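Here is the structure we will look at.
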Number of protein chains: 2
Amino acid sequence: VLSYQKLQMTHSQTTNFKTIAVIGGGSWATALVKILCEKDIHINWWIRQQNDIDYIKKFGHNPRYLRSADLNLSKIFLTTQLAEAIKEAELIIFAVPSAFVREVIENIGAEVLQSKIIASAIKGMISSENMIITEFLEKKMNVSPQKMCVIAGPCHAEEVAMEKQSYLTIASDNDELAKEFAETLSCRFIKATSCNDVYGVEYCAVMKNIYAIACGLAHGLNYGDNFQAVLVSNAMTEIKRFLKVVNPRKRKLNQSAYLGDLLVTTYSQFSRNRTFGNMLSRGYSIRSAQLEMGMIAEGYYAVRSIYEIGVQHNIKMPIIKAVYNSIHERISPIPEFRILAGYLK
Amino acid sequence: VLSYQKLQMTHSQTTNFKTIAVIGGGSWATALVKILCEKDIHINWWIRQQNDIDYIKKFGHNPRYLRSADLNLSKIFLTTQLAEAIKEAELIIFAVPSAFVREVIENIGAEVLQSKIIASAIKGMISSENMIITEFLEKKMNVSPQKMCVIAGPCHAEEVAMEKQSYLTIASDNDELAKEFAETLSCRFIKATSCNDVYGVEYCAVMKNIYAIACGLAHGLNYGDNFQAVLVSNAMTEIKRFLKVVNPRKRKLNQSAYLGDLLVTTYSQFSRNRTFGNMLSRGYSIRSAQLEMGMIAEGYYAVRSIYEIGVQHNIKMPIIKAVYNSIHERISPIPEFRILAGYLK
C-alpha cells in the first residue's frame with residue numbers, strides 16, 4: 001500500500017483563488033464544480049432554475065445532469081442570481097451551452113467582466129458573429145487576453161464523476177495564469193497542464209463536435225470502423241488546414257488538447273454530437289432528433305460558423321461541407337458521404 | 001438509382017499483374033485474396049495445411065479465419081507448396097504472422113525473391129534482427145527497394161469481408177509500382193492510394209500493435225475513455241519521436257496510414273493486441289492469455305524490438321516502456337501505469 005501512495009500524484013489543497021464562480025448547470029459545469037470541491041475554495045455556482053438548486057441542496061447532486069457526481073455542499077454557494085454569483089469571485093468559469101453564452105456575457109456587462117479573470121469551458125461559438133468565446137470577449141467586451149483562459153482537453157464529464165484519471169489543458173496568453181489555474185484544477189484524478197495556444201485549442205474544441213456528428217452520420221449509414229479511422233485522420237488534416245489559415249503559428253496537433261479531444265468525442269458512444277448525427281442518418285428529422293435528445297448538439301450550431309469561415313477563406317474542408325450540407329442544406333447524407341468517401345484517403 | 005451509380009467509384013477490372021501469390025492463411029491474407037478476386041487476375045494462394053485447402057475448395061470460405069468472406073474459387077489456385085505458389089507469380093504478397101516470416105523468406109531464397117516484386121502485408125518485425133520486413137529483405141536478401149512495397153492502412157479484415165468501404169496505402173520507393181499496385185487493390189469497397197514513406201508506414205504498422213496492448217492494459221486496469229484519448233495522443237508523439245531518430249524525413253503523421261492505422265487498432269474491441277493487454281491486466285498470465293486466444297498478439301514480439309531500438313538510440317518512449325515492463329519484465333501493470341499516468345499530458 002505504501003508504494004502505491006508514494007506513486008500517487010500529490011497536489012496542494014490551497015490555491016491562489018479564494019472564490020470561483022461557475023456559470024451553468026449542465027454536466028460539464030457539474031463536473032467542474034466536483035473538481036473544484038477537491039480544493040479549499042469557495043464555489044459560487046449559478047444555475048438558472050431555483051428547483052434544481054433546491055434539489056442539489058437537499059440531495060447533494062444535480063438532478064438533471066451527472067447525477068452520479070456527489071458534491072461537497074459545504075464548499076458551494078448556489079444562486080440563480082448572476083450578480084450574486086460573480087460579486088466576490090476572482091475568477092468566472094463559463095460553462096453554459098454556446099447558444100446562451102452571449103446573453104450571459106451581456107447580462108454581466110463589459111465593466112464587470114474586465115475586472116475578473118475569465119475561464120471559458122464552452123465548446124461552441126457565438127454564432128451570430130462566427131467568433132470563438134475568447135475572441136468575442138476580447139473584441140466585443142474589451143477583456144484583456146492576459147485575463148482569459150480556456151479549459152480544454154479530452155474529458156467526458158461522466159468519467160470525472162467516476163473519478164477516473166483524466167487530463168485537462170488550460171490555454172492562456174498569460175503563462176502564469178494558465179499554470180496557476182492548471183494547478184487549481186489538478187487533483188487526485190485530474191492532471192491539468194498549461195499551454196499558450198488559446199485560439200488553436202478553442203477552435204479544436206469547437207470543431208471536434210462537428211467531426212463527431214460526421215462519425216455519427218457515417219455510423220448511421222453503416223460505414224464501419226475502417227471508414228471512421230480514415231474520417232478522423234482526415235479530420236485532423238482539415239483542422240490543421242483550417243488553423244493554418246485562421247490562426248497560423250507553430251503547434252503540435254498530436255497533443256491531448258487537440259487530437260485527444262477529437263478522439264474522446266468522435267469515438268464515444270455517449271457523445272451527443274455523434275448520437276445526433278446517427279439519428280439524422282437513420283432518418284430522424286433535425287426537429288425529432290432534438291426532441292428525442294432533449295437538446296441540440298453543439299456541433300449543429302458550430303458547423304454553420306466553421307463552414308462560413310472556411311468558405312470565406314477558401315479552405316478545403318470536405319467533411320465540414322458534408323456535415324453542413326446534411327444538416328443545414330437538408331441534402332441526404334447518403335450521396336454526401338458517397339462524395340466524401342471519394343475525397344478521403 | 002442512376003445518381004448513386006454515377007457517384008460510385010469505378011475501377012478497371014484488369015491490371016498489369018497477371019498472377020499474384022498470397023502467402024499465408026490468416027484473416028488478413030484471406031481479406032487480401034477476397035480483394036484480389038475483384039480483378040481479372042490469377043491468385044496463387046499458399047496455405048500451410050492441406051485440410052484447410054480442401055475445406056476452402058469445398059465450401060468457398062476459409063474454415064478458420066474470416067469465415068464470412070466468400071471467395072471466387074475460379075480465380076484461386078490453392079497449394080501447400082511455396083515453390084508452386086510463387087513460380088508463375090510476378091508479385092508475392094507476404095501475409096504470415098511475423099514469427100514465421102523469416103522461415104518463409106529463407107525457404108524461398110534470395111535468388112527467387114530478387115526476381116519478383118514483393119509486397120509485405122506483415123505488421124511485425126524480424127525479432128532476431130530487430131528489423132522491419134522490407135529492411136530485412138533489402139539488407140539480408142539483397143532485394144532492391146525498387147521492387148518492394150508495403151500494404152498499410154486502417155483496415156480490419158472483418159470489414160473487408162463485409163465489403164465495407166475501406167482504405168489502403170501502398171508504400172514504395174518505386175512510385176510507379178506503388179501506384180500500379182494501389183490500382184490493383186482498388187475496387188468497389190477499397191480505395192488504395194500510394195506514398196513513398198516505406199519505413200515510416202511499416203514502423204507505424206508495427207508500433208500500433210504495441211499501443212493497442214497499452215490500451216488493453218489500461219482498460220483492464222479500469223482507466224476510462226478520457227485516459228485512452230490521452231494515451232493515444234501520446235502514442236502519436238512517441239511514434240513521431242521514434243521515426244525522427246530512426247528514419248528522419250518529412251512526413252504527415254495525421255494521414256490514414258499512420259494515425260488512421262493507430263486508431264483502428266487501439267479503438268477496436270476486436271483487436272487481438274488490445275484483448276491480449278486487457279487479459280494481462282485482468283490477471284491472466286501471458287501463457288494463459290496465449291492459450292485462450294489461440295495465438296500470440298503481434299505486439300508481444302514487436303515491443304521487445306521497438307524497446308531495444310529505443311534504448312539503443314536513447315529515445316524517450318514511456319508507453320513502450322510500460323508495455324515492455326508489463327510483458328517482458330513481468331512487472332505488474334498497476335504501478336507501471338501509475339508511473340505512466342504521471343508522464344502523460
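So, in Å, what gap is there between the alpha-carbon centers of segment A:234-297 and segment B:77-111?
Taking the Cα centre of each part, segment A:234-297 and segment B:77-111 sit 45 Å apart.
If the label for B:Ser115 sits 7 angstrom from Cα along the Cα-to-Cβ line, what are its distances to the same label in every other copy, in nm to one decimal, shortest first?
The answer, with the shortest distance listed first, is 8.9 nm.
At A:Ile286, label 7 Å along Cα→Cβ: distances to the other copies, nm, ascending?
Distances between equivalent label points, in nm: 5.6.
Strictly over 18 Å apart at the Cα level, which of A:Lys18/A:Lys75; B:Lys39/B:Lys123; A:Lys34/A:Lys87; A:Lys147/A:Lys252; A:Lys34/A:Lys191; A:Lys164/B:Lys345 would you flag in this model?
Beyond 18 Å between Cα atoms: B:Lys39/B:Lys123; A:Lys34/A:Lys87; A:Lys147/A:Lys252.
Please compute the average number of Cβ atoms from other chains found within 10 Å of each residue's Cβ in peptide B:261-272.
Per-residue shielding by partner chains comes out at 4.
One quarter of the convex hull surface, Cα atoms only: what value does that give for the protein assembly as shown in nm²?
The directionally averaged projection comes out at 30.7 nm².
For A:Leu73, place a label point 7 Å from Cα along the Cα-to-Cβ direction in every copy; what are the distances to the other copies, in nm, shortest first?
7.4
Return the Rg/Rh value of chain A, two decimal places, where both radii are evaluated on C-alpha atoms and Rh is the Kirkwood radius.
0.96
Ignore the peptide's own chain and count Cβ atoms of other chains within 10 Å of each Cβ in B:166-175; give me the average, rounded.
Partner-chain Cβ atoms within 10 Å, mean over residues of B:166-175: 2.
What does the convex hull of the Cα atoms of segment B:1-128 come to per residue, in Å³, rounded to a whole number?
128
Angle, helix B:98-108 long axis vs. longest principal axis of chain B, Cα atoms, 0 to 90°, nearest 10?
Roughly 40 degrees, rounded to the nearest 10.
On average, how many beta carbons from a partner chain sit within 10 Å of the beta carbon of a residue in A:246-259?
4
Would you please put B:81-90, A:126-135 in order of how densely packed they are, using the mean number of other Cβ atoms within 10 angstrom per residue and starting with the highest?
For the peptides B:81-90, A:126-135, the packing ranking is A:126-135, B:81-90.
What do you reckon, how do A:Phe77, B:Phe136 stack up by accessible area (1.4 Å probe), largest on top?
A:Phe77, B:Phe136
Please identify the chymotrypsin sites (Phe, Trp or Tyr not before Pro) of segment B:259-328 that satisfy two criteria: DSSP loop assignment and at most 16 other Cβ atoms within 10 Å. Which are they?
B:Phe270
Note the angle between two axes, namely the Cα long axis of helix B:27-36 and the longest principal axis of the Cα atoms of chain B, as a number of degrees from 0 to 90, rounded to the nearest 10.
The angle comes out near 30 degrees.
Closest beta-carbon to the A-to-B rotation axis: which chain A residue owns it, and what is the separation in whole Å?
A:Tyr267, 3
Lys and Arg at +1, Asp and Glu at -1: add these up for the other residues within a Cβ distance under 10 Å of A:Ala257 and post the number.
Local charge sum for A:Ala257: 0.
Work out Dmax and Rg for segment B:94-233 from the C-alpha atoms and quote the Rg first, both in angstrom.
My reading of the Cα-based Rg and Dmax gives 16.6, 52 Å.
Restricting things to Cα coordinates, could you compute the convex hull volume per residue of segment A:131-180 in Å³?
Output value, Cα hull per residue: 92 Å³.
What angle do you read, to the nearest 10 degrees and between 0 and 90, between the alpha-carbon axis of helix B:198-220 and the longest principal axis of chain B?
50
Can you tally the net charge around A:Lys75? Count Lys and Arg as +1, Asp and Glu as -1, for every other residue whose Cβ sits under 9 Å from the Cβ of A:Lys75.
Value of the local net charge: 0.
Rounded to the nearest 100 Å², what's the accessible area chains B and A bury against each other, both chains counted, probe 1.4 Å?
Buried: approximately 4000 Å² between A and B.
The values are calculated or read from the model by the stated rules, or taken from the named source; none is laboratory data. As the structure is a prediction and not an experimental result, all values here were calculated from the model. Cβ coordinates were reconstructed from backbone atoms using ideal geometry, including for glycine residues, and neighbour counts include every protein chain displayed. These accessible areas exclude ligands, DNA and RNA; they are computed on the full protein's heavy atoms, side chains included. Shrake-Rupley method; radii C 1.70, N 1.55, O 1.52, S 1.80 Å.
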